[in-house]
Each structure stands twice: as C-alpha cells, then as structure tokens.
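The structure appears right after this line, and notes come after that.
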Amino acid sequence: MQHTLDPEACTTMAEVRAGVDAVDRALVGLLARRFGYMDAAARIKPERGQVRDEARKAQVIANVRAHARAAGIPEEPVGALWEQLVEASIAYEFEAFDRR
C-alpha cells in the first residue's frame with residue numbers, strides 16, 4: 001500500500017479519500033488472491049457437486065464475524081459482505097470447474 005496517513009492522523013478529506021483509495025486497491029489485490037484459491041479448489045475437487053459446501057460457507061462467515069468482533073468493527077455488515085463474497089466465490093468456482 002502506498003504511503004498514506006493513518007486514519008487518526010487525517011485532518012482533511014483529501015487525506016481520508018487517499019487512505020480509502022489505497023485500502024481499496026489493497027483489498028482488490030487480496031480478493032484476486034482469494035479468487036486464485038477458488039481456481040485451485042476447482043482444480044483439486046474431483047466432482048462438481050463438491051463446489052458448494054454449506055458447512056464450510058458457515059464456518060468462513062462465522063470466522064470472519066469473530067475477526068470483525070475482535071477488531072472492534074460491526075460484525076453484522078461484515079458478515080453480510082462475506083455472505084456475498086462467498087456466494088460470488090462459489091459462482092466463480094463453478095465457472096472455473098466447468099472450464100477445466
């Protein structure tokens with residue numbers, strides 16, 4: 001992440017926006033890596049029916065909610081974001097599985 005001020009050091013909206021933009025760039029990079037793991041899962045799983053795993057989905061969302069709680073950020077919206085992320089990841093993995 002390029003040099004930006006910590007949130008508590010920001011005194012202008014330009015500094016806040018620069019920080020948000022830098023975090024967004026970093027998040028997209030992390031999402032690209034996460035989707036890379038979906039490519040790996042699609043390559044490793046022997047059957048298409050194994051792509052959707054509701055128990056694992058619940059575990060991932062519970063883990064993220066706990067991480068959010070520990071970080072002192074609202075766990076409900078973070079859990080909702082991860083619900084969407086996991087569903088998008090499953091759809092992506094189905095597409096990757098079907099391409100192989």
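The values are calculated or read from the model by the stated rules, or taken from the named source; none is laboratory data. Owing to the predicted nature of the structure, the values given are computational and were not obtained by experimental measurement. Because the Cβ atoms are built from the backbone with ideal geometry, glycine has one as well, and the counts that use them run over all protein chains shown. With ligands, DNA and RNA removed, areas are computed over all heavy atoms of the protein, side chains included. Shrake-Rupley method; radii C 1.70, N 1.55, O 1.52, S 1.80 Å.
Electrostatic bookkeeping for ARG99 treats Lys and Arg as +1 and Asp and Glu as -1; over the other residues with beta carbon under 15 Å from its beta carbon, the sum is 0. Maximal additional length on extending the PHE94-ALA55 stretch stands at 12.3 nm, based on 0.36 nm per residue less the C-alpha distance.
Carbon-plus-sulfur accessible fraction, segment 10-59 (probe radius 1.4 Å, protein heavy atoms only): 62%. Placing R0 at 22 angstrom, the Cβ-Cβ distance between ARG25 and HIS67 gives a FRET efficiency of 0.55 after rounding to 0.05.
Take the Cα of ASP39, step 7 Å along the line toward its Cβ, and report every residue of segment 64-100 whose backbone nitrogen sits under 17 Å from that point. Output list for this probe position: 89-100. Counting only Cβ charges, +1 for Lys and Arg and -1 for Asp and Glu, the dipole size of the chain around its Cα centre is about 460 debye.
Note that the chain presents 71 Å² accessible area per residue, ligands and nucleic acids not counted, probe 1.4 Å. Helix content alone sets the calculated 222 nm mean residue ellipticity of the chain: runs of n ≥ 4 DSSP H residues at -39500 (n - 2.57) each, divided across all residues, give -26500 deg cm²/dmol.
The candidates ASP6, ASP53, arranged from most to least accessible area with a 1.4 Å probe in the full protein assembly, appear as ASP6, ASP53.
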